[in-house]
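Please find one structure pasted underneath; my questions will follow.
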Amino acid sequence: DTGVSQDPRHKITKRGQNVTFRCDPISEHNRLYWYRQTLGQGPEFLTYFQNEAQLEKSRLLSDRFSAERPKGSFSTLEIQRTEQGDSAMYLCASSLAGYWGAFFGQGTRLTVV
Amino acid sequence: AQKVTQAQTEISVVEKEDVTLDCVYETRDTTYYLFWYKQPPSGELVFLIRRNSFDEQNEISGRYSWNFQKSTSSFNFTITASQVVDSAVYFCALSEDQGGTYKYIFGTGTRLKVLA
């Protein structure tokens, strides 16, 4: 399968713990995005990378969130000291410059208890 | 500021009926892109179509058709002869022209239920 893959698909964690999600984009795509989707809402943009450079971060991305894309391939999103308000679906997407839109993975559903 | 409004929260139709999903957008950009995505229960957002702001030609692709009207800032999506497999949440999204970078503004989605 050559689509965007995310791991894990589901994560349950206790409040205060750190969690890390991984995203593997479509191999030739140089742009990678992270979005967050809460129940009943559309996805909201968090951040994006062009190759290994993180070019933009939304104000939604608090200091507890950090994203990396070493070597311009896979990306990780870490949330430190999780809060119940972090419970959401975290979606990763990738695109190729000039191509018709971004392609999304199946997401990681985070539940903070 | 950019905004996408999908006023229909949920629509239920009987299989084989036609259904139109509405999308109204706001932007001050002169060049922008509009998209429709489908989100089945599995969670993945499936790309359906993109339109750029200077291409108002409407299109039919199989059972899907799109109606883009800049004069009313609308980008509506129609499914003809709906099927149970069309049941999903459909999102309309707007992206300004950033040279192939897609920072979407999504609407809140319309849940479509197609009943057998």
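The values are calculated or read from the model by the stated rules, or taken from the named source; none is laboratory data. Remember, predicted model here, so these are calculated numbers, not experimental data. Every residue, glycine among them, receives a Cβ derived from its backbone with ideal geometry; neighbour counts consider all protein chains shown. The area values use the complete protein model at the heavy-atom level, side chains included, leaving out ligands, DNA and RNA. Shrake-Rupley method; radii C 1.70, N 1.55, O 1.52, S 1.80 Å.
Separation between the A:Gln17 and A:Leu96 pseudo-spin-labels, each 7 Å from Cα along Cα→Cβ, expressed in nm?
Going from the A:Gln17 label point to the A:Leu96 one covers 3.9 nm.
I've got another one for you. Rounded to a whole number, what % of the accessible area of chain B do carbon and sulfur atoms account for, probe 1.4 Å?
Ligands and nucleic acids excluded, carbon and sulfur reach 48 percent.
Tell me, what is the percent relative contact order of segment A:16-113, built from C-alpha pairs under 8 Å that lie six or more residues apart?
33 percent
Using a simple spin-label model with points 7 Å from Cα along the Cα→Cβ vector, what separation in nm is obtained for B:Ile11 and B:Asn67?
1.0 nm
Would you work out the charge dipole size for chain A about its Cα centre, treating the Cβ of every Lys and Arg as +1 and the Cβ of every Asp and Glu as -1, and quote it to the nearest 20 debye?
340 debye
Another one. Please give the charge dipole size of the protein assembly as shown, origin at the Cα centre, charges +1 on K and R Cβ atoms and -1 on D and E Cβ atoms. Round to the nearest 20 debye.
Magnitude of the dipole: close to 660 debye.
In straight Cα distance, which aspartates and glutamates are under 13 Å from A:Lys14, not counting same-chain residues fewer than 8 positions off?
A:Glu83, A:Asp86
If you don't mind, another one. Over what distance in Å are the Cα centres of segment B:1-73 and segment A:15-54 separated?
23 Å
Also: Tell me, what is the percent relative contact order of chain B, built from C-alpha pairs under 8 Å that lie six or more residues apart?
In percent, rounded to a whole number, it is 38.
Give the residue from B:Phe68, B:Pro41, B:Ser12 lying farthest towards the positive end of the charge dipole for segment B:1-114; charges sit on Cβ (+1 for Lys and Arg, -1 for Asp and Glu) and the dipole is referred to the Cα centre.
In segment B:1-114, that residue is B:Pro41.
Which of the residues in segment A:72-105 lose at least 50 Å² of accessible area when you go from the chain alone to all protein chains together (probe 1.4 Å)?
Listed by number, the residues meeting the 50 Å² cut-off are A:Trp100, A:Phe104.
Identify, among A:Ser5, A:Gly72, A:Thr20, the residue whose Cα sits farthest towards the positive end of the charge dipole of chain A, taking +1 on the Cβ of Lys and Arg and -1 on the Cβ of Asp and Glu, with the dipole about the Cα centre.
About the Cα centre, the residue reaching furthest to the positive side is A:Thr20.
Work out the FRET efficiency for A:Phe74 and A:Val113 from their Cβ-Cβ distance, taking R0 = 25 Å, and round it to the nearest 0.05.
The pair A:Phe74/A:Val113 has a calculated efficiency of 0.35.
To make sure I understand the rule: partners must be aspartates and glutamates, Cα under 19 Å from the Cα of B:Lys3, and not fewer than 8 residues away in the same chain. Which ones qualify?
Once the sequence-local aspartates and glutamates are set aside, what remains near B:Lys3 is A:Glu44, B:Asp22, B:Glu26, B:Asp29, B:Glu96, B:Asp97.
In segment B:44-116, what trypsin sites (Lys or Arg not before Pro) fall in a loop by DSSP, with at most 14 other Cβ atoms inside 10 Å?
Loop-located and lightly packed - B:Arg63.
With each pseudo-label sitting 7 Å past Cα toward Cβ, what's the B:Asp55-A:Ala53 distance in nm, one decimal?
Distance between label points: 2.8 nm.
Within 10 Å of each Cβ of A:28-40, how many other protein chain Cβ atoms are there on average?
Taking the mean over all residues of the peptide, I get 2.
Follow-up question, since we're still on this one. Solvent-accessible area per residue for chain B at a 1.4 Å probe radius, Å²?
47 Å²
Where the centre of each part is set by its Cα atoms, how far does segment B:75-116 sit from segment A:74-97, in angstrom?
Each part reduced to its Cα centre gives a spacing of 22 Å.
Using a loss threshold of 20 Å², tell me which positions in segment B:35-83 are less accessible in the complex than in their chain alone. Probe radius 1.4 Å, ligands and nucleic acids ignored.
B:Tyr37, B:Gln39, B:Ser42, B:Gly43, B:Glu44, B:Leu45, B:Phe47, B:Arg50
Next question, about the same structure. With solvent modelled as a 1.4 Å probe, how much accessible area in total do chains B and A shield from it at their shared surface, in Å² to the nearest 100?
1800 Å²
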